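Structure, as structure tokens:
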Amino acid sequence: MMTDANLPICVAALYQFTRITDCEGLRAELATVCASSGVLGTLLVAPEGLNGTIAGAPDGIQSVVAHIRALPGCSRLSVKFSSAETPPFYRMKVRLKREIVTMGQPDIDPLRDVGHYVPSADWNALISDPDTVLIDTRNAYEVRIGTFAGAIDPGTTSFREFPDWFRTHRETLLAGRASPKVAMFCTGGIRCEKSTAFLKAEGIDAVYHLEGGILKYLETTLPAESLWQGECFVFDQRVSVGQGLALGTHALCHACRLPVSPEDQTSELYAEGVSCPACFGQRDPGRLQGYQERQRQITLAAARGLDHLGASNADRRRKTGLAPGTMTEDHPGRDK
């Protein structure tokens with residue numbers, strides 16, 4: 001378990017595709033294990049596997065991860081560890097879902113067939129090949145703040161739109177290439193498990209995805225060799241990260257949940273916790289009053305040295321000190 005020994009809270013972002021026949025039984029089991037281990041966060045359980053982010057004392061996290069890895073089909077559980085100064089979650093939730101990452105294609109099975117995994121060290125060579133079609137599988141608001149040079153942006157607002165987008169543009173994407181290869185990437189890898197499985201089911205064999213996702217690439221690739229441009233949106237209190245997983249410059253609008261650039265933070269349309277240039281004028285007066293009152297309570301709580309359940313990401317990331325590596329790519333409430 002690789003964490004910062006100077007910070008007391010261990011954060012684990014994890015997922016595993018595996019067959020689960022008794023989802024309700026596993027939900028209750030995981031809820032009990034997490035409670036007895038003093039662990040907080042969110043876990044999703046579905047027939048195709050489990051996914052989530054949890055936090056707690058290192059021993060508690062180690063116990064929960066060991067328990068999950070002992071489950072059938074979970075010995076190779078993908079986990080990204082990081083550390084925090086204070087707990088980034090206030091409760092523990094274990095939820096039942098139809099999918100652990102929502103694509104809406106019930107016949108797609110990453111356990112049956114998936115694309116080739118490409119480590120960060122080999123990624124540049126693959127995407128620099130003129131026969132490679134490079135596709136960013138993330139949502140448009142994520143792509144907007146950073147992506148790989150030359151990547152195609154599908155312009156989707158949710159991951160479930162990806163299949164229709166690909167089927168519509170397939171011929172154009174693959175035209176003019178003698179031996180086309182399709183390379184795809186996402187934040188931490190889970191969306192590409194399904195997107196590459198989908199393309200394989202569509203009859204495309206030369207399908208590849210970035211192992212460990214953008215975060216692994218940014219963590220391990222030297223700045224002088226990096227083909228990444230901009231910052232990477234992350235689903236935690238940091239909002240965005242740059243090369244080497246250094247803390248990024250974006251804030252999060254607490255009203256519309258979209259990242260806000262440094263330039264937009266200076267706009268007269270931006271009010272922390274209330275609005276940003278992307279959503280200004282789109283809320284009714286009653287809802288705006290609610291946002292304003294919530295922000296007032298957050299400010300009062302901060303003045304007393306207290307946390308508030310509605311605190312903005314900017315407030316919390318200043319307090320939690322989340323280390324590089326924290327990622328919640330399919331956190332409930334976000335369709336990634």
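The values are calculated or read from the model by the stated rules, or taken from the named source; none is laboratory data. These figures come from a predicted structure and were not determined experimentally. Ideal geometry is used to build each Cβ from the backbone, glycine not excepted, and the neighbour counts take in all protein chains shown.
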Can you tell me which residue within region 34-51, out of those that are surrounded by fewer than 22 Cβ atoms within 10 Å (Cβ to Cβ) and of a type in the set (Gly, Ala, Ser), is nearest to the chain's Cα centre (by Cα)?
ALA46
Within region 124-152, of all residues that are of a type in the set (Asp, Glu) and under 17 Å from the mean Cα position of the chain (by Cα), the one farthest from GLU231 (Cα to Cα) is ASP136
So which residues in region 152-164 are in a helix (DSSP H, G or I) and crowded, with 16+ Cβ neighbours inside 10 Å?
PHE159, GLU161, PHE162, PRO163
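For (1) surrounded by fewer than 15 Cβ atoms within 10 Å (Cβ to Cβ); (2) over 26 Å from LEU111 (Cα atoms), each residue gets a yes or a no:
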{"site": "ILE9", "(1), (2)": "no, yes"}
{"site": "ASP22", "(1), (2)": "yes, no"}
{"site": "GLY25", "(1), (2)": "yes, no"}
{"site": "THR32", "(1), (2)": "yes, yes"}
{"site": "ALA57", "(1), (2)": "no, yes"}
{"site": "SER75", "(1), (2)": "yes, no"}
{"site": "ALA84", "(1), (2)": "no, yes"}
Does region 272-287 include one or more residues that are more than 24 Å from ALA140 (Cβ to Cβ), not assigned by TED's automatic domain parsing to the domain that holds ILE214 and not in a helix (DSSP H, G or I)?
yes
Kindly provide the set of residues from region 100-122 that are more than 20 Å from the chain's Cα centre (by Cα) and crowded, with 20+ Cβ neighbours inside 10 Å, ordered by number.
ILE108
Residue list for region 218-261, filter: over 14 Å from the mean Cα position of the chain (by Cα), in a loop (DSSP other than H, G, I, E, B) and within 15 Å of SER82 (Cα to Cα):
ALA246
Can you pull out the residues in region 256-270 that are over 17 Å from PHE235 (Cβ atoms) and touching a residue at least 24 places away in the same chain (Cβ under 8 Å)?
SER261
Among the residues of region 166-192, which ones are of a type in the set (Val, Ile, Thr), out of contact with any strand residue (DSSP E or B) (no Cβ under 8 Å at 6 or more places or on another chain) and modelled with pLDDT of 95 or more?
THR168
Condition first: of a type in the set (Asp, Glu), outside the structural domain of GLU211 (by TED's automatic domain parsing) and in a loop (DSSP other than H, G, I, E, B). Can you find one or more residues in region 21-41 that meet it?
yes
Only one of ARG283, ARG304, ARG296 is loosely packed, with under 15 Cβ neighbours inside 10 Å, farther than 19 Å from GLY230 by Cβ and modelled with pLDDT of 85 or more; which?
ARG296
Could you tell me whether ALA66 is hydrophobic (A, V, I, L, M, F, W, C) and either at pLDDT 95 or above or not assigned by TED's automatic domain parsing to the domain that holds SER83 (or both)?
yes
Checking the conditions here, which among VAL241, VAL207, VAL234 is buried (at least 18 other Cβ atoms within 10 Å of the Cβ) and modelled with pLDDT of 90 or more?
VAL207
Extreme residue, surrounded by the most Cβ atoms within 10 Å (Cβ to Cβ), among residues of region 262-271 that are part of a loop (DSSP other than H, G, I, E, B) and not acidic (Asp, Glu):
TYR270
